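The values are calculated or read from the model by the stated rules, or taken from the named source; none is laboratory data. Fair warning: this is a prediction, and the values are worked out from it, not measured in the lab. Cβ sites come from the backbone with ideal geometry, for glycine too, and all protein chains shown count toward neighbours. Areas reflect the complete protein model, heavy atoms only, side chains present, ligands, DNA and RNA absent. Shrake-Rupley method; radii C 1.70, N 1.55, O 1.52, S 1.80 Å.
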Amino acid sequence: MTPDWLRDPKVWRTEVLAGLVVALALIPEAISFSIIAGVDPAVGLFASFTMAVVISVVGGRRAMISAATGAIALVIAPLNHEHGLAYLIAAVILAGVFQIVLGALGVARLMRFIPRSVMVGFVNALAILIFMAQVPEIRDVPWAVYPLVLGGLALMVFFPRITTVVPAPLVSIVVLTLITLGAGIAVPSVGDKGALPSSLPVPGLPDVPFTLDTLAIIAPYAFAMALVGLMESLMTAKLVDDITDTHSDKTRESVGQGVANIVTGFFGGMGGCAMIGQTMINVKVSGARTRLSTFLAGAFLMVLCIAFGPLVSDIPMAALVAVMVMVSFATFDWHSVAPKTLRRMPLGEITVMVTTVVCVVTTDNLAIGVVVGSVTAMVIFAKRVAHVAEVTAVTDPDGTTVVYQVTGELFFASSNDIVGRFDYAGDPPHVVIDLGAAHVWDASSVAALDAIETKYAQRGKTVEITGLNAHSARLHGKLTGELSASH
């Protein structure tokens, strides 16, 4: 099937220009993340190049940008500081292998357990992190930086009203660069972040001993990198799915991230994963929708560094700060914090969203925020449904039998509640517990039913459990009588 960008020149133009804007935005980010990881800027730039190019072919989410990221840099920085670059690169390759295995095992299916409130918190926290990352660039700088940033923001707000043929961020970057060069304004530039590479990366094996000792050193870092990278990539893919109203293959994306990291490691890169900020520039700001923009973002990155290094070095950081501030505002879900929304939203949902945001912002780690937010959501859900199970009693006219109707979901949180709902001393000799409107989910519920039977038996009364559905009957039949400590 012919790709959209080959059939439609307008799509082709959008994808090419989007790729160029993303490449320009990637350069200072990749250099910054290299500094965090404690490696040469070229290591981060090579990683961004290989990640973007490879994932454009093997990834499962079209138009999503993968490159060197801050989350990965934070995970592998200690390894680089303690053992050096060669061990870091070996860990990147091993992380890629872990990601392929996790992808094949179906880790992507776990995404269904991440609640919407966590997703909203993830997005909002990301917007805050993107904005906060720009603050150092406007602190202790020449006064000229501030009007340049404001001018860049104004261009991106008003230029689309004139035309959308050329992405506003690209126009902003070009105009601000021309102004600073033409007027000779001395402000921080991309070149101040570090030297750009002057040649393409060369493949090779990491210079480490291939021993179990090496494996023991790199495995913990590699596994942490694999998990953080997959979580950030799958969350970003889901976000792009929502923005574009399209579905992506999360398993393919998981495996693709692994392949991209392995290739990146062999080319001496620091590894990476999906980049939310650059993906938002690509998808939401520039309107890209195909793999071409992702491929070109990586290709343009190397072309800009190698062929136009001196010119790219002159781009004022103020221009890129303006782009990223615009991205943070576009990323933030303003509807989620509107007073009208907050008044209607259940307190538990708000708690989960705020918890996710606070955890991400304070730890600077998206993965921690998502895990803590999801656990918080589960605890709140368990607490909410724990009181859903109800018990009602009806005594037969002859007074020899009582029927208890149990309705709701019986699991560890709710089953403990129902034990106290029976009148063990006052009930007649025969007790019927009707579970036709209930579902038994776990061993705790079976143990609770056993405890009820025991309490009645101690008083010489018989219990009959009826109405179990197929699943509940299987679980009850397998575990009843097996869970008491005396057995």
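For the stretch 280-381, what is the charge dipole size about the Cα centre, in debye to the nearest 20, if Lys and Arg each add +1 at the Cβ and Asp and Glu each add -1 at the Cβ? Mind showing how you got there, number by number?
Numbers: 6 positive and 4 negative charges, 82 e Å.
Charge dipole, the stretch 280-381, about its Cα centre: 400 debye, nearest 20.
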* For the pair T400 and Y424, how long in nm is the line joining their label points, each one 7 Å along Cα→Cβ? -> 2.5
* Can you give the angle from 0 to 90° between the axis of helix 250-266 and the longest principal axis of the chain, with both taken from C-alpha atoms, to the nearest 10? -> 40
* Asked: Residues of the stretch 163-203 with amide nitrogen under 20 Å from the 7 Å Cα-to-Cβ point of Y146?
  -> 176, 180, 185-189
* Whole-number accessible area per residue in Å² for the chain, which is evaluated in the context of all protein chains at 1.4 Å -> 44
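How much of the accessible area of the stretch 177-255, probe 1.4 Å, is carbon plus sulfur, in whole percent?
Details: 2620 of 4050 Å².
Answer for the stretch 177-255 is 65 percent, counting heavy atoms of protein chains only.
Need the full-extension length gain, E464 to R252, defined as separation in residues times 0.36 nm minus the C-alpha distance. One decimal, nm. Mind showing how you got there, number by number?
On the way: separation 212, 0.36 × 212 = 76.32 nm, distance 5.10 nm.
Between E464 and R252, full extension yields an extra 71.2 nm.
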* How high is the relative contact order of the chain, in percent, counting Cα pairs under 8 Å that sit 6 or more residues apart? -> 25
* Asked: Hey, what do the phi angles of the stretch 285-294 turn into as Karplus ³J(HN,Hα) couplings, whole Hz, using 6.51/-1.76/1.60 and θ = phi - 60°, x for Gly and Pro?
  -> 8, 8, x, 6, 9, 10, 5, 4, 5, 5
* What size of dipole, in debye to the nearest 20, comes out for the stretch 1-91 about its Cα centre when the only charges are +1 on Lys and Arg C-beta atoms and -1 on Asp and Glu C-beta atoms? -> 360
* **For the chain, with +1 on Lys and Arg beta carbons and -1 on Asp and Glu, the positive-most of A307, A377, V174 along the dipole** => V174
* **Entry for P(r) over Cα pairs in 10 Å bins from 0, in percent (calculated from the structure that is shown) out of [x] 4, 20, 29, 25, 15, 6, 1, 0; [y] 4, 17, 23, 19, 13, 9, 7, 5, 2, 0, 0; [z] 4, 16, 21, 18, 14, 13, 8, 4, 1, 0, 0, 0** => [y]
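How much net charge surrounds S48 when only the other residues with a Cβ under 14 Å from the Cβ of S48 are counted, with Lys and Arg +1 and Asp and Glu -1?
Values: positive: K193; negative: E29, D40.
Net of charged neighbours comes to -1.
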* Structure fact -> Computed about the Cα centre, the charge dipole of the chain from +1 Lys/Arg and -1 Asp/Glu charges at the Cβ has a magnitude in debye, to the nearest 20, of 1080
* What's the center-to-center distance, using Cα atoms, between the stretch 176-249 and the stretch 92-170 in Å? -> 13
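Counting other Cβ atoms within 10 Å, keep those with at most 14, restrict to DSSP loop, and tell me which chymotrypsin sites (Phe, Trp or Tyr not before Pro) in the stretch 272-370 are left. The partial results should precede the final answer.
Working: sites: F295, F300, F308, F329, F332, W334; in loops: F308, F332.
Sites meeting the loop and neighbour criteria: F308.
With respect to the cross-link table entries K238/K478; K193/K284; K383/K461; K10/K340; K284/K340, which display a Cα-Cα separation exceeding 31 Å?
Working: K238/K478 39 Å; K193/K284 27 Å; K383/K461 33 Å; K10/K340 39 Å; K284/K340 25 Å.
Among K238/K478; K193/K284; K383/K461; K10/K340; K284/K340, the Cα-Cα distance tops 31 Å for K238/K478; K383/K461; K10/K340.
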* Asked: In a shell of Cβ-Cβ distance under 11 Å around I465, excluding I465 itself, what net charge do Lys and Arg (+1) and Asp and Glu (-1) give?
  -> -4
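Considering only the other residues whose Cβ falls under 9 Å of the Cβ of V403, what net charge follows from Lys and Arg at +1 and Asp and Glu at -1? Before the final figure, lay out the partial values.
Details: positive: none; negative: D396, D434.
Surrounding charge for V403 is -2.
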* To do: Mind giving me the nanometre distance, one decimal, between the label points for A154 and V101, set 7 Å out from Cα along Cα→Cβ?
  => 5.7
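With each run of n ≥ 4 DSSP H residues scored as -39500 (n - 2.57), what mean residue ellipticity at 222 nm is computed for the chain after dividing by its residue count and rounding to the nearest 500 deg cm²/dmol?
Only helices count here, giving -20500 deg cm²/dmol.
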* Two-site FRET efficiency, T244 against A307, from Cβ-Cβ distance with R₀ of 30 Å, rounded to 0.05 -> 0.40
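Defining a contact as two alpha carbons under 8 Å apart and six or more residues distant in sequence, what relative contact order in percent does the stretch 136-272 show? Can you show the working numbers first?
Working: 62 pairs, mean separation 28.4, N = 137.
Reported relative contact order: 21 percent.
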